1. In the list 39, 92, which residue meets the criterion of being assigned to a loop (DSSP other than H, G, I, E, B) and in contact with a strand residue (DSSP E or B) (Cβ under 9 Å, 6 or more places away or on another chain)?
2. Residue under question is residue 75, and the condition is that it be more than 19 Å from residue 53 (Cβ to Cβ), of a type outside the set (A, V, I, L, M) and part of a helix (DSSP H, G or I); does it hold?
3. Can you find a residue in region 6-22 that is surrounded by 13 or more Cβ atoms within 10 Å (Cβ to Cβ) and either in a helix (DSSP H, G or I) or among the small types (Gly, Ala, Ser) (or both)?
4. For region 105-140, how many residues meet the condition of being surrounded by fewer than 19 Cβ atoms within 10 Å (Cβ to Cβ), assigned to a strand (DSSP E or B) and in contact (Cβ under 8 Å) with a residue 60 or more places away in the chain?
5. Could you tell me whether residue 18 is of a type in the set (A, V, I, L, M, F, W, C), within 22 Å of residue 66 (Cβ to Cβ) and out of contact with any Asp or Glu (no Cβ under 7 Å at 6 or more places or on another chain)?
6. Does residue 160 fit the bill of being without any contact (Cβ under 8 Å) to a residue 12 or more places away in the chain, more than 24 Å from residue 66 (Cα to Cα) and over 17 Å from the mean Cα position of the chain (by Cα)?
7. Collect the residues in region 32-54 that are under 14 Å from residue 74 (Cβ atoms), surrounded by 11 or more Cβ atoms within 10 Å (Cβ to Cβ) and not β-branched (Val, Ile, Thr), keeping them in residue-number order.
8. For region 69-99, give me each residue that is within 15 Å of residue 139 (Cβ to Cβ) and surrounded by 19 or more Cβ atoms within 10 Å (Cβ to Cβ).
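A short reminder: the numbers here are calculations on the coordinates, not readings from a lab. As the structure is a computational prediction, the values presented were derived from the model and not from experiment. We place every Cβ from the backbone using ideal geometry, glycine too, and count neighbours over all the protein chains shown.
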Amino acid sequence: MDRTILQATVVMFLALLLLLMVLGWMARRRRQRDIVPLQQAPADLGTVLTTLDGKYVATTASGDPLDRIAVHGLGFRSNVTAVVAETGILLQLPGKDLFIPLGDLRDVRRATWTIDRVVEKDGLHLIEWMLGDRVVDSYLRMAEPTEFERAARSLLADRKSR
């Protein structure tokens, strides 16, 4: 009898934790409902500098790697194909594309950690960009980090020279 009560207590506690996690996620999405939708990628991206595979880790409020953006499909890790082109950076996520127009791109630099991921020093790429009137950071872990960084920096340099 005591064992059954203990098992029931543990199951109820775990169910309560799961419920609180779901309620917390829903509250975060509700707080972020004013974030503008993502822009559609143009039909013609222009000259493609590189196309690389990697992992999409997260998008957070800029400067706050613990404040995850949970709306518009940005809340979950996934595989990514990153296309760096003259019009911006296209992140092709399963079921959703995230296009960062060149005019919204602010910086590309290295990072070591974000909300739920810690890697070796400078193992992540941080893309700082404007999502409407908010500055956000998107984190990627690229299979070929040097190639991605070269293309992204080239894109930024071209924008600054215009």
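1. On the way: 92 fails: assigned to a loop (DSSP other than H, G, I, E, B).
Unique residue meeting the criteria: 39.
2. Here the answer is no, as residue 75 does not meet what is asked.
3. Step one: filter region 6-22 for residues surrounded by 13 or more Cβ atoms within 10 Å (Cβ to Cβ), giving none.
Scanning region 6-22 turns up no residue that is surrounded by 13 or more Cβ atoms within 10 Å (Cβ to Cβ) and either in a helix (DSSP H, G or I) or among the small types (Gly, Ala, Ser) (or both).
4. Counting residues in region 105-140 that are surrounded by fewer than 19 Cβ atoms within 10 Å (Cβ to Cβ), assigned to a strand (DSSP E or B) and in contact (Cβ under 8 Å) with a residue 60 or more places away in the chain gives 4.
5. Yes: the conditions hold for residue 18.
6. Yes: the conditions hold for residue 160.
7. Within region 32-54, 32, 38, 39 meet the criteria.
8. 69, 70, 74, 80, 82, 89, 91, 98
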